[in-house]
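Participant: Below you'll find the structure I mean.
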Amino acid sequence: MASARALTSSLIFISFLLFSLSEAKDFLVGGKTNAWQIPSSPSDSLNQWAEANRFQIGDSLVWKFDGEKDSVLQVTREGYQSCNVSNPIAAHKGGNVVVKLDRSGPFYFISGAGGHCENGQKLIVVVISEVRGGGFFSISPAPSPMEFDGPAVAPTSSAHGLAVWRGGFVSSLVVLGSLVGMIL
């Protein structure tokens, strides 16, 4: 009986620890300062960086760039595709920009500097949605890239930090802990 209590306590502690990993994260766009620039090659696209990360509601994107030479415009899908800088949803200037991801779905960003978007300086970030129900924590799947012509978002490795731990692994541990608790 004592070992069962120790096991239950350990599972509760591990679940609590993993839930703390699901707190909002700040993502430095491109993973480094001054990444907001025209890519030197298609493989340097910021969309490839976005595909390697998992973004959730409450996370923030952080840009650090020369604010005298550029800006970040949040635009519609159509604005993204046509590089239309004339009617942004939001315009961010100054070089230190933080955008909170406050909903699920795609977010579209382009450079406000003339010709930069047309040369590849743009970004699509897809935010997955959280679904809570039935006492278990789960993540619904991100929208299909075909729905918005954006990048895939599911990471293929954990090499990009603890932000990618959120999701199925946490859900599995919570379910396991609940089942062990009911058995004991």
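Participant: For segment 24-54, give me each residue that is acidic (Asp, Glu) and surrounded by 14 or more Cβ atoms within 10 Å (Cβ to Cβ). Please lay out each step first, then the result.
Facilitator: Initial filter on segment 24-54 (acidic (Asp, Glu)): 26, 44, 51.
Selection gives 44, 51.
Participant: How many residues are under 13 Å from the mean Cα position of the chain (by Cα) and of a type in the set (S, T, N, Q) when one looks only at segment 82-115?
Facilitator: 1
Participant: Can you name the residue in segment 115-134 that is modelled with pLDDT under 95 and in contact with a strand residue (DSSP E or B) (Cβ under 7 Å, 6 or more places away or on another chain) and, of all such residues, is surrounded by the most Cβ atoms within 10 Å (Cβ to Cβ)?
Facilitator: Across segment 115-134, the extreme among qualifying residues is 128.
Participant: Assess whether residue 100 counts as being touching a helix residue (DSSP H, G or I) at 6+ places or on another chain (Cβ under 9 Å), surrounded by fewer than 20 Cβ atoms within 10 Å (Cβ to Cβ) and within 18 Å of residue 27 (Cβ to Cβ).
Facilitator: Details: touching a helix residue (DSSP H, G or I) at 6+ places or on another chain (Cβ under 9 Å): no; surrounded by fewer than 20 Cβ atoms within 10 Å (Cβ to Cβ): yes; within 18 Å of residue 27 (Cβ to Cβ): yes.
So residue 100 fails the test.
Participant: Quick one: how many residues across segment 66-97 are at positive phi and surrounded by fewer than 17 Cβ atoms within 10 Å (Cβ to Cβ)? Outline the logic, then answer.
Facilitator: Taking segment 66-97 and keeping what is at positive phi, we get 83, 94-95.
From what's left, surrounded by fewer than 17 Cβ atoms within 10 Å (Cβ to Cβ): 94.
Within segment 66-97, residues that are at positive phi and surrounded by fewer than 17 Cβ atoms within 10 Å (Cβ to Cβ) number 1.
The values are calculated or read from the model by the stated rules, or taken from the named source; none is laboratory data. Please read these numbers as outputs of a predicted model, since none were measured by experiment. With ideal geometry, Cβ positions are generated from the backbone for all residues, glycine too; neighbour counts draw on all protein chains shown.
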